Amino acid sequence: AEEVKAFLPGFFSWIMSPLTVTKITIVIHIILSILKIGVSLFTKSASLLADGIDNTVDTLSAFLVHISVKIKKEKLITIFLIIAMIVSVAGIGLSSYNKIVNFEKIEHGILAFVMSLILGFVMLGLSAYQYYVGCSNNNLAILGQAVDSRNHFLTSLLVCAGIVLSGIAEISGVFFLNYADAAISIVIGIIILKGVFDLILECFRAEEGNIGIGHFIHSTIEKNKEKIVLDWLRVQLKFSPLKQNEIEKRYYSSFCKNRLQFTELTGLGYNPPSSEEILYYLNRFTNKGMLLLDEEYYWLLV
């Protein structure tokens with residue numbers, strides 16, 4: 001009993017580590033990619049295949065970022081990632097084309113549906129774990145991963161919908177519903193393709209020598225950070241307005257006081273360097289009409 005008691009604090013310290021959650025995230029992505037692609041080939045589901053390829057690209061990007069940090073070859077790694085994403089989109093496009101031109105109905109639809117649903121809930125559970133660790137460590141990068149995992153859960157529900165519609169088509173004889181699976185596959189491919197264009201544009205915009213995968217996910221991370229800070233402000237200003245200096249103090253206590261000094265495997269390790277960063281968000285939210293500044297007090301409007 002004493003050994004178990006001594007072991008538990010160390011275990012919980014390990015499981016709540018941001019570095020641990022990023023490693024677990026990569027392992028889960030690898031397992032899910034293999035399962036989704038394997039089941040999709042067995043059941044002939046184009047949307048499940050596209051979802052599996054999307055998972056694979058996410059896993060690959062995480063490894064590539066980690067490598068880029070190690071070998072200092074950000075531009076080369078970025079180009080490699082662009083090529084990988086283009087190849088994945090081509091694979092999804094080919095799969096969708098074959099599904100439409102040489103139509104094959106989904107085989108073992110129940111298996112495809114159940115697998116997609118279960119793996120979707122795995123991502124939802126991962127999202128909850130990432131969110132809890134991110135909140136416990138005041139780490140916006142982990143919270144950003146939680147949002148991404150939640151989006152994968154929603155994608156899985158989309159895949160399930162396509163499989164269900166294909167099943168309804170087989171039962172009801174409504175022929176156009178047979179292409180729901182291919183349509184959802186195309187949607188997933190478009191999402192990845194948009195990422196390719198964003199990455200290419202960021203490469204052209206970046207100064208020579210400063211090109212990195214961070215440019216690719218910069219806009220997404222900024223959106224996640226903005227959402228997290230806005231949610232935090234909603235809690236702080238829920239019952240009464242606050243002056244700027246009080247908000248700064250609370251922001252420092254929540255996000256900056258125990259700032260972690262490391263870069264995660266995703267390459268997106270972020271903690272505000274100082275409480276002054278909240279000033280940017282206060283101005284941004286005030287300009288957007290989310291906050292009201294009246295006689296030095298900030299009031300919540302949304």
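The values are calculated or read from the model by the stated rules, or taken from the named source; none is laboratory data. Since the structure is predicted, the reported quantities are computational estimates derived from the model, not experimental observations. Glycine also receives a Cβ, built like all others from the backbone with ideal geometry; neighbour counts cover every protein chain displayed. Calculation scope for accessible area: heavy atoms of the full protein, side chains included, ligands and nucleic acids excluded. Shrake-Rupley method; radii C 1.70, N 1.55, O 1.52, S 1.80 Å.
At-a-glance table
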item: Qualifying residues in the range 159-179 (those that are surrounded by 19 or more Cβ atoms within 10 Å (Cβ to Cβ) and β-branched (Val, Ile, Thr)) - the one farthest from the chain's Cα centre (by Cα); result: Ile163
item: Check on Ser17, at pLDDT below 80, within 23 Å of the chain's Cα centre (by Cα) and within 17 Å of Asp148 (Cβ to Cβ); result: no
item: Which listed residue, of Lys238, Lys227, is at pLDDT 75 or above, open to solvent by 90 Å² or more (accessible area, probe 1.4 Å) and not in a helix (DSSP H, G or I); result: Lys238
item: All positions within the range 225-245 that are acidic (Asp, Glu) and either without any contact (Cβ under 8 Å) to a residue 12 or more places away in the chain or farther than 16 Å from Phe255 by Cα (or both); result: Asp231
item: Restricting the range 269-291 to residues that are open to solvent by 80 Å² or more (accessible area, probe 1.4 Å) and not in a helix (DSSP H, G or I), the residue that is modelled with the lowest pLDDT; result: Pro273
item: So Gly214, is it modelled with pLDDT under 85, within 28 Å of the chain's Cα centre (by Cα) and at positive phi; result: no
item: Pick from the range 30-56, criterion of a type in the set (A, V, I, L, M, F, W, C) and surrounded by fewer than 22 Cβ atoms within 10 Å (Cβ to Cβ), ranking: modelled with the lowest pLDDT; result: Leu41
item: Pairs where the first residue, in the range 135-155, is modelled with pLDDT under 70 and the second is in a helix (DSSP H, G or I) and of a type in the set (S, T, N, Q), C-beta under 7 Å, 6+ apart; result: Asn138/Ser254; Leu140/Asn224; Ile142/Gln130; Leu143/Asn224; Gly144/Asn224; Gln145/Thr25; Gln145/Gln130; Val147/Asn224
item: Residue in the range 89-117 that is nearest to the chain's Cα centre (by Cα), counting only those that are without any contact (Cβ under 8 Å) to a residue 24 or more places away in the chain and loosely packed, with under 13 Cβ neighbours inside 10 Å; result: Ala90
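Residues are listed down the side, and each one gets a yes or a no for (1) open to solvent by less than 60 Å² (accessible area, probe 1.4 Å); (2) among the hydroxyl-bearing types (Ser, Thr, Tyr); (3) at pLDDT 90 or above:
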{"position": "Leu242", "(1), (2), (3)": "yes, no, yes"}
{"position": "Ser253", "(1), (2), (3)": "no, yes, no"}
{"position": "Lys257", "(1), (2), (3)": "no, no, no"}
{"position": "Gly267", "(1), (2), (3)": "yes, no, no"}
{"position": "Glu296", "(1), (2), (3)": "no, no, no"}
